[in-house]
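The values are calculated or read from the model by the stated rules, or taken from the named source; none is laboratory data. Quick caveat, the model's predicted, so the values are computed rather than measured. So basically every Cβ, Gly included, is an ideal-geometry build from the backbone, and we count neighbours across all protein chains shown. Quick note on the areas: whole protein, heavy atoms, side chains included, nothing else; ligands and nucleic acids left out. Shrake-Rupley method; radii C 1.70, N 1.55, O 1.52, S 1.80 Å.
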Amino acid sequence: VQLQASGGGLVQAGGSLGLSCAASGRTFASYTYTTGWFRQAPGKEREFVAGISWIGDRTYYADSAKGRFTISRDNAKRTAFLQMNNLKPEDTAVYYCAAKRGPYSAYGSDYDYWGQGTLVTVSS
C-alpha cells in the first residue's frame, strides 16, 4: 500500500485548508483499513490528529482538532480527507496520513503504512 498526502500550504490564521490522502496498491482492496492523520511540528514529537474507520461511521479527534477539523473518506476513490478550518499558528506542522488494518488507534506505532507528509504553515 502506498499513500500520497497532498494539499498542504501556507495559510493565514483563521483560514482553511483541505488535505487529501490517496491510497494505491493491489493489497489495499483486500483489507479494511483505518486511516489516521498525524502531524509533527518542528522540535516536537509526532501526534495524532484524527482517525476514521474503514466504512467512515466512526471518527476520532485529538482535543486540539475537535470542532475545527473534519476527517472523511471516499473508499471508491481510495482517498481520505482532512478538512481544517479556523487554523491557528500552532497547527503548523508536517501532516502525515497513515493506514492500518483493523480498528482505530491513536498510536502511530500501530499504523502499517505512511504517506510522505505535506507541510502546513499557518501565519499569524
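Things to note:
- Sulfur and carbon atoms: percent of accessible area, the stretch 48-119 [1.4 Å]: 49
- Kirkwood-based Rg to Rh ratio, the chain, C-alpha trace: 0.95
- These residues, Leu17, Leu82, Leu10, go from largest to smallest accessible area, 1.4 Å probe, as Leu10, Leu17, Leu82.
- Residue order for Arg78, Arg58 - accessible surface, 1.4 angstrom probe, largest first: Arg58, Arg78
- Heavy-atom surface of the stretch 59-124, accessible at 1.4 Å and reported per residue (Å²): 51
- Charge dipole (the chain, unit charges on Cβ, about Cα centre) - positive-most of Pro89, Asn75, Gly102: Asn75
- Near-label residues of the stretch 60-97 by backbone N, under 15 Å of a point 7 Å along Cα→Cβ of Gln116: 95-97
- Debye, to nearest 20: dipole size of the stretch 18-113, +1 on Lys, Arg Cβ, -1 on Asp, Glu Cβ: 240
- Residues of type lysines that Lys44 reaches as a straight line, Cα spacing below 25 Å, ignoring anything fewer than 8 places off in the same chain: Lys66, Lys88, Lys100
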